[in-house]
1. Any idea what angle helix 50-78 forms with the longest principal axis of the chain, computed on alpha-carbon atoms, 0 to 90 degrees, nearest 10?
2. Could you list log10 I(q)/I(0) for the chain at q = 0.14, 0.15, 0.18, 0.19 Å⁻¹, which the Debye formula gives when each Cα is one point scatterer?
3. Quantify how much of the Cα-Cα distance distribution of the range 14-54 extends past 12 Å, in percent.
4. Hey, what's the chain come to in accessible area per residue, 1.4 Å probe, Å²?
5. Which order do peptides 67-77, 34-44 fall in by mean Cβ count within 10 Å, highest first?
6. Set Lys and Arg Cβ to +1 and Asp and Glu Cβ to -1, take the dipole of the range 1-63 about its Cα centre, and tell me which of ILE62, VAL2, LEU48 lies farthest positive.
7. Using a 7 Å offset from the Cα along the Cα-to-Cβ direction at both ALA38 and TRP50, what is the distance between the two label points in nm, to one decimal?
8. Nearest 10 degrees is fine. How inclined is helix 4-37 to the longest principal axis of the chain, computing both from alpha carbons?
Amino acid sequence: MVSIKEIKSTIAVAIAAAFGFIIALIWKDIIIGIMKLAGLWAEGGPLLWWPDAAIAIVVALIITVVSVLGIVFISKWGGVTQK
């Protein structure tokens, strides 16, 4: 039988992974955009101008901090411990 603690732990791990994917995808877009602005990337990239890159970095830092806090909170809620 599956306990509530195991369910909470599994949900916490899944949500923490989702936060991690959000962080990775945001930074991927920024890195590709900056590489395109610098002429090091041939296609794609959401950034059109260097000030856009600065704004994107600030927004990504804020989202990263919020996501990390979310990971910490959800890990404590789910009782996830490192081994």
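The values are calculated or read from the model by the stated rules, or taken from the named source; none is laboratory data. Because the structure is a prediction, the values reported are computed rather than measured. So basically every Cβ, Gly included, is an ideal-geometry build from the backbone, and we count neighbours across all protein chains shown. SASA here: full protein model, heavy atoms, side chains in, ligands and nucleic acids out. Shrake-Rupley method; radii C 1.70, N 1.55, O 1.52, S 1.80 Å.
1. Approximately 0 degrees, to the nearest ten.
2. Normalising to I(0) and taking log10 leaves -0.58, -0.63, -0.75, -0.79.
3. Of all Cα-Cα pairs in the range 14-54, 58 percent lie more than 12 Å apart.
4. 74
5. Descending mean neighbour count gives 67-77, 34-44.
6. VAL2
7. Here the modelled spin labels are 1.3 nm apart.
8. 10
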